[in-house]
Amino acid sequence: MNIAGIFERFRGILHEGEIDKRVQFLIEGLFAIRKAKFQGHPAVRPELDLVELEDQLTHEISLEDDVIDPETSIDVFKQDPNFVENERKYEEVKKSILGDESEDKEDADSGSDEEDDEEQMQIKDATETNLVNLRRTIYLTIMSSVDFEEAGHKLLKIKLEPGQEMELCIMLLECCSQERTYLRYYGLLGQRFCMINKVHQENFETCFVQQYSMIHRLETNKLRNVAKFFAHLLGTNALPWHVLSYIRLTEEDTTSSSRIFIKILFQELSEHLGIRLLNERLNDPSMNDTFESIFPKDNPRNTRFAINFFTSIGLGGLTENLREYLKNMPRMIMQQQKPESEDESDSGSSSSSSDSSSSESESDSSSDESDSDEDKRRKRRKRK
């Protein structure tokens, strides 16, 4: 069947009208390409056009011919006794068709490998050009992707040298902070990387510490985006909650910027989890050491500050345990003072008892001495 017959069949399909619009457009496009004499669609690409026209041998074969020999013997391996001779002839034919370019390239590659082995030199890039190019590649990949799944798939294909995983986390956080408003796209992308590899999870934990330590340098918009990004990671358990131990909520240890960061962080967590689930998570007995710095109980002043802070941001329900602790604090102090007073009274009674016993012993000794004196006098009287 030639090409004319194929297009006649396509024309019949169009006239029947039993196809959908998409297939109809495709067939009409084929007719337009044929009418333009297949311009832009060469039969042989230039890079594959290796044999000159006069050297080409054309074989016309029809599928309906019975003369075709399937040559099934080729499917069975047979040892060639003239293997070396046939390989030499094949190389000569290949050189006559392709030329000596491939051989020159192989020689050049082998020569360069030998030179590299002999020199054994390691060139260090002091200008950090490779690092800049890596950051540019990561940035363009993040910004050009349609959704977070496509971005994650492309970023995983980037070959990272050992120790460069941190650059991926830094660039993702930097792109997120540069947006006018927070985009959930970055949170989902960060969550995926944390779930895929624990190295990325540890790197994001390091980024949390670094961002919180330099939070006073960020603008309000960047601060808000960063806080919402980490709130997403914490709310989805992509980031371990023990990172909150780096936050110490006291009047001396916080600034206006860090208080805004903590406010947005916990408000976002309450939206993600709900106030009840968040309260259960914060009151988990196994995490007391982690949240001890956020809900301090070392000083009544710090305790009152934490209660007032969470109440002012609309999350006063998280401070029920703190309120109870602050309410019972005078009673606890009194209970601690009672054992001390009892110890002092016990020590006083013991000293008085020791004094009385000593006086009794002294009186006994004196009475004994008086008795002995009277006996001696009686004996003397009897002798007289």
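Things worth noting here:
- Number of positions in the stretch 148-164 that are open to solvent by 80 Å² or more (accessible area, probe 1.4 Å) and of a type in the set (A, V, I, L, M, F, W, C): 1
- Where helices (runs of 4 or more DSSP H) fall wholly inside the stretch 274-384, the ranges with 1 or more residues that are surrounded by fewer than 10 Cβ atoms within 10 Å (Cβ to Cβ) and at pLDDT 80 or above are 288-291, 320-327.
- Residue match in the stretch 251-262 (condition: out of contact with any Asp or Glu (no Cβ under 7 Å at 6 or more places or on another chain), modelled with pLDDT under 90, buried (at least 16 other Cβ atoms within 10 Å of the Cβ) and among the β-branched types (Val, Ile, Thr)): yes
- Test: residue in the stretch 230-238 that is within 22 Å of PHE295 (Cα to Cα) and surrounded by fewer than 18 Cβ atoms within 10 Å (Cβ to Cβ): yes
- Pair list, Cβ under 6 Å, 6 or more apart: the stretch 173-191 residue open to solvent by 40 Å² or more (accessible area, probe 1.4 Å), other residue not in a helix (DSSP H, G or I): GLN191/THR236; GLN191/ALA238
- Listed by first and then second residue, the pairs with beta-carbon distance under 8 Å, at least 6 apart or on different chains, first residue in the stretch 252-264 and over 14 Å from PHE208 (Cβ atoms), second surrounded by fewer than 17 Cβ atoms within 10 Å (Cβ to Cβ) and not hydrophobic (A, V, I, L, M, F, W, C), are THR254/ARG248; THR255/HIS216; SER257/HIS216; ILE260/THR220.
- Qualifying residue in the stretch 226-247 (condition: among the charged types (D, E, K, R), over 16 Å from ILE313 (Cα atoms) and in contact (Cβ under 8 Å) with a residue 12 or more places away in the chain): no
- The single residue among LEU50, LEU57, LEU63 that is open to solvent by 100 Å² or more (accessible area, probe 1.4 Å) and under 23 Å from ILE97 (Cα atoms) turns out to be LEU57.
- Residue within the stretch 26-33 that is open to solvent by 80 Å² or more (accessible area, probe 1.4 Å), more than 25 Å from LEU63 (Cα to Cα) and outside any helix (DSSP H, G or I) present: no
- There is at least one residue in the stretch 251-259 that is within 24 Å of the chain's Cα centre (by Cα) and of a type outside the set (Asp, Glu).
The values are calculated or read from the model by the stated rules, or taken from the named source; none is laboratory data. Everything numeric here is computed off the predicted structure, so don't read it as measured data. Positions of Cβ are backbone-derived with ideal geometry, glycine not excepted, and every protein chain shown enters the neighbour counts. Surface areas here come from the heavy atoms of the whole protein model, side chains and all, with no ligands, DNA or RNA. Shrake-Rupley method; radii C 1.70, N 1.55, O 1.52, S 1.80 Å.
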